[in-house]
Amino acid sequence: MEYLYGASVQGIQGFIFQTNKLKEIVGASELVEQICTKEFEKFCGSIGIKTCSENFIIKAAGNIKYIFDSRADCEMVVRSFPKHIANLAPGITISQAVVTVSEKLNKDISDLELKLKAQRSKVSMPIETGFMGLERSRRTGGVASIERSKIKGGKEMICDATDVKRKNGDPNYQLKNKELKETLFQKISGLSKVDPDQVPYNIEKIAISGNNNWLAVIHADGNALGLLLQELGAKLHLESKEKVKSAFSTFSKNLDEATKAAAQFAFKKMVDDKYCQTYPLRPVILGGDDLTIIIRADLALEFTVAFLKKFEEETKHQFSFLKTEYQVDGFENGITACAGIAYIKATYPFHYAVNLAEKLTAKAKKFSKKDNQLSKIPPSSLAFYKVQSSFVEDMDDIIEKTLTAKVSNVSFDYGPYYIDRLNGTPCIDELNNKLQTLEKHVELDQSKGISKLRQWISELYKDKARADFMMERMEQVEGEKGLFKKLDLHNALEPISEQPSNPQNERASAMQPTQKTIVYDLIQLHSLKY
């Protein structure tokens, strides 16, 4: 009898972004990558269990699904694997579930997912829980058990999790042990060997360039993946378990390859000779259909657009077998993805930035689905936001407080932006064209065009009539060669086509912005240029 074993890694983001030290973030992300790829096989080998590559259904993005031929082997893994991971990476927990393999492996995989969901809702006891009287690590709050020297002198007490992260993210420590663990960077760069002098191990190395120390956290996630799996499962309903295993295993590997190839394409397009002293980015998560990276701010938009476009191309190639072998229709052109970019200062807490990037991704997904309800696969889109306060709020609160001029009834929330032009909706080409126009004007004509744009936006918060007068006056003074004319800003305020559905009352409906402008986004992106 065979047993389908499933494991899901929990607490990944909390583990990785418990600190703002890049070296510790790198070490944590490397540990997560090892857990999702090599560590399961390594652990099985250590307890005398030989794994077979054909029995893996999925082994990426924090998920493991493996078919055991022996009940005893499966029991040994269930009993010992969570403890092994807890010792390897304190702060990470593993949810596990097992189902007996029947003739309908497709149904078994669905049952396993339901069991894993139930297990994820159960609270697990961390291995480093301590009494109140014990000394704590000052930065993470964990039980302090190890004394380490600070970089700038002195001593500090740190927890086990921080110690493990530092060792995995410290090139000097690794080289002493004759192994430089840069799995994620090799994965995104395509390099067979990584030079530690070219890879950043502190935030300053990424953000370095004069006085501009802005960074960006990019998060990208695939669209329509759940629908694709549902349709694949329906086609495999009457197939043998060997065919089902092969189908899901191939799908998982191909999806991972598509994401990796798209990330490598974006990396190579962005990185050239001028970046070879220190690469200006750090991958944090790269697997399945997920991508999370920390990157220099002025490169983030270009990287994201390149990734999203290439992801569509790669999935079209990698998913061709779905139509030819399993007759799954509607995905011949691959799938799309949406992304969020959170622009932050180097000192801003990364866990807040990642959370914001995920919210922006969700906003882009909602926008793509709502605007294309008849399409099976929503188009690729992205949303971005430049953080200029220390407050952490919901997306709706951010839009209301910082992107809405209530006096003028104007919204500065112009995006999200489609990657391809669709029906006159905001798209990345429109944004890039206007941004290039703005930058050329500033470069050739050292005028105060940017300051005038800022002043115009400021007037919209105070008095729309004064803002309109200022626009007309600037167009008259500057003429056809002026920035206002070049950017076509006499049409800068566009009507918002849709109003909120089922407003509670007329007053609430009247408070909603009726116009929007792209100018605010242009100014924010221009301010990030090096």
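The values are calculated or read from the model by the stated rules, or taken from the named source; none is laboratory data. Nothing here was measured: the structure is a model prediction, and the numbers come from that model. When we count neighbours, we look across all protein chains shown, and the Cβ atoms used for this are built from the backbone with ideal geometry, even at glycine. What goes into the accessible areas is simple: the full protein's heavy atoms, side chains included, and nothing from ligands, DNA or RNA. Shrake-Rupley method; radii C 1.70, N 1.55, O 1.52, S 1.80 Å.
Which order do you get for ASP170, ASP429 if you rank them by accessible area with a 1.4 Å probe, largest at the top?
Largest accessible area first, the residues go ASP429, ASP170.
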Residue pairs, from the table LYS38/LYS309; LYS21/LYS386; LYS122/LYS155, whose Cα atoms sit over 26 Å apart: LYS38/LYS309; LYS122/LYS155
Rounded to the nearest 0.05, FRET efficiency between CYS52 and LYS529 (Cβ-Cβ, R0 41 Å) equals 0.20
Need one number: % antiparallel among DSSP beta bridges in the chain, to the nearest 5. 85
Over 32 Å between C-alpha atoms is what I'm after, so list which of LYS235/LYS365; LYS260/LYS485; LYS104/LYS370 land there. LYS260/LYS485; LYS104/LYS370
Might you tell me the accessible area per residue for the stretch 21-125, computed with a 1.4 Å probe and given in Å²? 47
For the stretch 310-387, the Debye formula with one identical point scatterer on each Cα and no solvent gives log10 I(q)/I(0) at q = 0.11, 0.22 Å⁻¹ as -0.40, -0.94
Please report, as a whole percent, how much of the solvent-accessible surface of the chain comes from carbon and sulfur atoms (probe radius 1.4 Å). 50
HIS441, HIS317, HIS84, ranked by accessible area, largest first (probe 1.4 Å): HIS317, HIS84, HIS441
5 Å is the cut-off here: which amide hydrogens, built 1.01 Å from N in the peptide plane, fall below it relative to THR404, excluding neighbours closer than 5 in sequence? PHE412
How many nm is it between the label spots at LYS107 and TYR173, if each spot is 7 Å from the Cα in line with the beta carbon? 5.0
Computed over the stretch 1-131: relative contact order in percent, which uses C-alpha pairs under 8 Å that are six or more apart: 38
Got a number for the accessible area of LYS23? Probe 1.4 Å, square angstrom, nearest 10. 60
Subtracting the Cα-Cα distance from 0.36 nm times the residue separation, let me have the gained length for GLN455 to ARG79 in nm, one decimal. 128.9 nm
In Å, the Kirkwood hydrodynamic radius of the chain over pairs of distinct alpha carbons? 25.6
On Cα atoms only, tilt of 160-169 relative to the major axis of the chain in degrees: 70
Acute angle (nearest 10 degrees) that the helix 297-318 long axis makes with the longest principal axis of the chain, alpha-carbon atoms: 50
